Amino acid sequence: MLRLKIMELREGKGISVRQLSEETGIRWNTLNDMEKGTAKHWPPEHLNTLMRYFELRDVSELIEYVYEEATEA
């Protein structure tokens with residue numbers, strides 16, 4: 001499963017989701033959904049905005065892969 005590291009990055013700057021929203025122009029509830037892993041998709045323009053805002057050089061600083069064991073139905 002892919003996961004965004006928004007919470008860690010945001011907390012590292014000592015800002016709230018609302019502050020991040022105001023500073024990036026991304027709706028706060030969109031950021032909140034992206035942070036909680038409930039967003040249905042991640043618009044490339046939002047990812048690009050977050051990369052620039054947090055001054056990241058590698059996408060792995062924003063997105064990580066979390067291995068999950070396959071469950072049988």
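Considering only the stretch 52-73, state which residues are modelled with pLDDT of 95 or more and either out of contact with any strand residue (DSSP E or B) (no Cβ under 9 Å at 6 or more places or on another chain) or β-branched (Val, Ile, Thr) (or both). Those that are modelled with pLDDT of 95 or more and either out of contact with any strand residue (DSSP E or B) (no Cβ under 9 Å at 6 or more places or on another chain) or β-branched (Val, Ile, Thr) (or both): Arg52, Tyr53, Phe54, Glu55, Leu56, Arg57, Asp58, Val59, Ser60, Glu61, Ile63. Quick one: in the stretch 50-73, which of the residues that are exposed (fewer than 10 other Cβ atoms within 10 Å of the Cβ) and hydroxyl-bearing (Ser, Thr, Tyr) is nearest to Glu22 (Cα to Cα)? The residue in question is Tyr65. Residue check: Thr49 meets all listed conditions (1) modelled with pLDDT of 95 or more; (2) in contact with a Leu (Cβ under 8 Å, 6 or more places away or on another chain) but one, namely (2). Identify the residue in the stretch 1-39 that is of a type in the set (Ser, Thr, Tyr) and surrounded by 15 or more Cβ atoms within 10 Å (Cβ to Cβ) and, among all such residues, is nearest to the chain's Cα centre (by Cα). Within the stretch 1-39, the match that is nearest to the chain's Cα centre (by Cα) is Thr30.
The values are calculated or read from the model by the stated rules, or taken from the named source; none is laboratory data. Predicted, not measured: the structure shown is a model, and the values here were computed from it. Here the Cβ is made from the backbone with ideal geometry for all residues, glycine too, and neighbour counts use every protein chain on show.
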